[in-house]
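Got a structure for you, questions after.
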Amino acid sequence: EILMQTHHAPEQHPKLEMSWVVELVSFEKPVNWYSAEVPELMQDAQRGREKGNKLFKLGKHHLAKVRYEKTLGKLNGLRGMSEEEAELVSTEKVLCHLNLAACFIQLQEFGSAIQHSTKAIEFDPSCVKGYFRRGQALALLNEYDRAREDYQAAADVDPDCKSDVEAALKKLAVRERAALASARQDFTFAFPTR
């Protein structure tokens with residue numbers, strides 16, 4: 001359906017005429033989260049998360065964050081499910097928390113990244129990405145010992161990610177040495193020797 005509208009403003013600018021065209025390309029009927037069954041709700045949550053993923057890949061981290069938060073808010077409102085359904089919801093929540101942590105790292109809101117990574121780990125203690133994301137955020141806050149602990153926890157949970165852990169630890173060591181050198185330089189500048 002195409003809608004065309006014209007606006008004239010002769011009293012302000014006699015030759016000014018603005019026209020625009022609006023085209024409705026598609027329309028998704030929203031899912032009623034109060035009356036729908038859990039499978040339909042899960043499909044809607046996955047669609048919301050996938051839309052956030054597309055925004056994240058485009059570098060639109062704030063918009064992706066909003067999408068993930070909206071999806072997570074809907075999931076948090078679900079009640080009265082079977083154990084199997086609750087497990088599906090929990091898995092989707094973990095993914096949303098991990099994606100939010102990634103957004104917050106990109107937005108340099110490291111405290112929020114740590115909170116969402118921690119939530120993901122609370123839902124799933126074997127969540128390697130949760131430990132990695134929290135380790136990243138801690139490293140960016142210069143919390144090197146805690147970051148090292150999280151990277152090591154990831155290796156403990158999944159020994160197959162040992163090479164990723166080693167790479168992260170090397171990167172962390174470089175960052176830590178650079179911060180220490182900078183602190184020494186600042187100290188020397190503030191308190192020169194005579």
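With only alpha-carbon atoms counted, please give the Rg and Dmax of the chain, in Å.
24.2, 80
Rounded to the nearest whole Å², what accessible area per residue is found for the stretch 69-171 with the 1.4 Å probe?
Numbers: 5590 Å² over 103 residues.
Result: 54 Å² per residue.
Looking at the chain as a GNM with Cα springs under 10 Å, which of PHE27, PHE123, PHE110 has the largest mean-square fluctuation?
PHE27
As a test of the definition: which semi-axes, in Å, follow for the stretch 62-110 when you take the square root of five times each eigenvalue of its alpha carbon gyration tensor? Largest first, please.
Here the semi-axes work out to 24, 10, 6 Å.
Also, quick follow-up: At a 1.4 Å probe radius, carbon and sulfur cover how many percent of the accessible area of the stretch 17-164?
Answer for the stretch 17-164: carbon and sulfur cover 49 percent of the accessible area.
Here's another thing I want to ask about it. Going by average Cβ density within 10 Å per residue, which order do the peptides 93-100, 151-158 take, highest to lowest?
Going from most to least packed, we get 93-100, 151-158.
Quickly work out the VAL66-to-SER90 label distance, labels modelled 7 Å from Cα along the C-beta direction, and quote it in nm with one decimal.
Simple spin-label model gives 3.3 nm for this pair.
Where does each of 84-91, 111-118 land if you order them by average Cβ count within 10 Å, highest first? Kindly include the intermediate steps, with their values, before the conclusion.
Details: 84-91: 13.9, 111-118: 20.9.
Per-residue Cβ counts within 10 Å, averaged per peptide and sorted highest first, yield 111-118, 84-91.
Springs between alpha-carbon pairs under 10 angstrom, Gaussian network model over the chain: which of GLU40, GLU166, GLU83 fluctuates most?
Between GLU40, GLU166, GLU83, it is GLU83 that shows the largest mean-square fluctuation.
Same structure again: Within the set of other residues whose C-beta is less than 10 Å from the C-beta of ALA168, count the net charge using Lys and Arg as +1 and Asp and Glu as -1.
Values: positive: ARG148, LYS170, LYS171; negative: ASP150, ASP164, GLU166.
Spelling it out: positives minus negatives among the neighbours equals 0.
Which FRET efficiency, nearest 0.05, do SER26 and GLN46 yield, Cβ-Cβ r, R0 22 Å?
Taking R0 as 22 Å, the efficiency between SER26 and GLN46 is 0.80.
In nm, give the distance between the simple-model label positions of GLU149 and LEU107, each being 7 Å from the Cα along the Cα-to-Cβ direction.
Here the answer is 2.7 nm between the modelled labels.
Between ALA179 and ASN76, what length in nm is gained on full extension when 0.36 nm per residue of separation is reduced by their alpha carbon distance?
That pair, ALA179 and ASN76, stretches by 33.1 nm at full extension.
List the lysines whose alpha-carbon lies under 27 Å from that of LYS119, not counting same-chain residues fewer than 8 positions away?
LYS51, LYS54, LYS57, LYS60, LYS65, LYS70, LYS74, LYS93, LYS129, LYS162, LYS170, LYS171
The values are calculated or read from the model by the stated rules, or taken from the named source; none is laboratory data. Remember, predicted model here, so these are calculated numbers, not experimental data. All Cβ positions, even for glycine, are placed from backbone atoms using ideal geometry, and neighbour counts span all protein chains on display. To get the accessible areas, we keep the full protein, side chains included, count just its heavy atoms, and leave off ligands, DNA and RNA. Shrake-Rupley method; radii C 1.70, N 1.55, O 1.52, S 1.80 Å.
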